[in-house]
Amino acid sequence: MKKAQMSPMLPKKKVTNNNIALIVGLGNPGEKYESTRHNIGFSFIDKFSEQINSPITDSKFNSLYSNVNKDGKKLLLLKPQTYMNDSGVAVKKVKDFFKISSNQTIVIYDDLDLQVGQIKIKDTGGSGGHNGINSIIENIGNNNFIRIRIGIGKPLEKSMTNKYVLSKFTKDESKIVNNINNLAKNIIYSIVFKSISFAMNTFNSKIQ
């Protein structure tokens, strides 16, 4: 009698939920960091939550979060409360819990290499030395998430960078930042409901 042959074990395919878009604004929690350059990710996603009437007030996953359904898609808004350098810890928890793929994840953060008023949307890439992005890449194990980089300018000397990113915008800069934040809904809806290419062609490299 022949022995039954065992089928080779195939690796389990990772199941992801493409009906959820994870939208992450990066920043530091606490009053002393409010309105600083490094917290522009927080201010952008706060404006978006206001525009779609979905306050980011629930607490879970080392984060503040909210969710809303729009045209058959769940939008999950996230503000990690881990401090910037450990943002990836919170992002990984949410991605794993909801089984969200990286290409359905949008991360909004400050960029020293762009002028105040500039936006650059990308579908992948490195960290550019940004500690929050470094943390996300290290924790989720890939860099295939969408980025909305928002310009904060840069200091005259590199040695002043740490102090500069934790400083507040000038009065004139704040007006420009408000203009950027007012575009939040248009930018995010363009990415989620149209295409990354459409969003890049519409918003990249333009001074607002």
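Readers should treat all values here as calculations from the given coordinates under stated rules, not as data from a laboratory. In this text, all values refer to a predicted model and were calculated from it rather than measured experimentally. Heads up, the Cβs are rebuilt from the backbone with ideal geometry, glycines too, and the neighbour counts pull from every protein chain shown.
What is the spin-label model distance, in nm, from ASN142 to THR202 if the labels are put 7 Å beyond Cα along the C-beta direction?
A separation of 2.6 nm, rounded to one decimal place.
For SER135, SER102, SER197, what's the fewest-to-most ordering of other Cβ within 10 Å of each Cβ?
In increasing order of surrounding Cβ atoms, one gets SER197, SER102, SER135.
Could you list which residues have their amide H under 5 Å from that of PHE169, counting only those 5 or more apart in sequence or on another chain, with H placed in the peptide plane?
For PHE169, whose amide H was placed from the backbone, the distant partners under 5 Å are ARG37.
Please report how far the C-alpha centroid of the stretch 94-114 lies from that of the stretch 126-163, rounded to the nearest whole angstrom.
12
Helix 87-98 versus the longest principal axis of the chain: what is the Cα-based angle in degrees, 0 to 90, to the nearest 10?
Helix 87-98 sits at roughly 40 degrees to that axis.
Per DSSP helix of 4 or more residues, -39500 (n - 2.57); summed, then divided by the residues of the chain. What does that give at 222 nm, rounded to the nearest 500?
Result for the chain: -9000 deg cm²/dmol, rounded to the nearest 500.
Could you give me the ³J(HN,Hα) list for the stretch 40-54, computed from phi with Karplus coefficients 6.51, -1.76, 1.60 and θ = phi - 60°, whole Hz, x at Gly and Pro?
Calculated HN-Hα couplings, in order: 5, x, 5, 5, 5, 6, 4, 5, 4, 5, 5, 5, 9, 6, 9 Hz.
Taking every DSSP beta bridge that has both residues in the chain, what percent is antiparallel when rounded to the nearest 5?
Bridges in the chain are about 50 percent antiparallel.
Set the Förster radius R0 to 25 Å, insert the Cβ-Cβ distance between ASN182 and ASN17 as r into 1/(1 + (r/R0)^6), and round the FRET efficiency to 0.05. Working shown, then result.
Values: r = 30 Å, r/R0 = 1.21.
E(calc), rounded to 0.05, equals 0.25.
Please name whichever of PHE44, THR16, VAL89 sits farthest to the positive end of the charge dipole of the chain, dipole taken about the Cα centre and charges placed at Cβ: Lys and Arg +1, Asp and Glu -1.
Most positive-ward Cα: THR16.
May I ask you to compute the full-extension gain from PHE193 to GLN115, defined as 0.36 nm times their residue separation minus their alpha-carbon distance, rounded to one decimal in nm?
Working it through step by step, the gained length comes to 25.3 nm.
What list of ³J(HN,Hα) values in whole Hz, one per residue of the stretch 191-205 in order, does the Karplus curve 6.51 cos²θ - 1.76 cosθ + 1.60 (θ = phi - 60°) give from phi, with Gly and Pro shown as x?
Those phi angles translate into 5, 6, 10, 10, 6, 4, 5, 4, 5, 5, 5, 7, 10, 5, 6 Hz.
Please list, in order along the stretch 19-28, the HN-Hα scalar couplings obtained from phi with the Karplus expression 6.51 cos²θ - 1.76 cosθ + 1.60 (θ = phi - 60°), rounded to whole Hz, x for Gly and Pro.
8, 10, 10, 9, 10, 10, x, 9, x, 10
Antiparallel as a % of all DSSP beta bridges within the stretch 91-208, to the nearest 5?
40
Where the only charges are on Cβ atoms (+1 Lys, Arg; -1 Asp, Glu), what is the dipole of the chain about its Cα centre, to the nearest 20 debye? Working shown, then result.
Working: 30 positive and 16 negative charges, 184 e Å.
Value, rounded to 20: 880 debye.
List every residue whose amide H lies under 5 Å from the amide H of VAL107, counting only residues 5 or more places away in sequence or on a different chain, with H placed 1.01 Å from N in the peptide plane.
VAL24, ILE146, ARG147, ILE148
Of the cross-linked pairs LYS47/LYS171; LYS70/LYS168; LYS60/LYS175; LYS73/LYS168; LYS120/LYS158; LYS32/LYS175, which ones have a Cα-Cα span greater than 27 Å in the structure shown?
LYS70/LYS168; LYS60/LYS175; LYS73/LYS168
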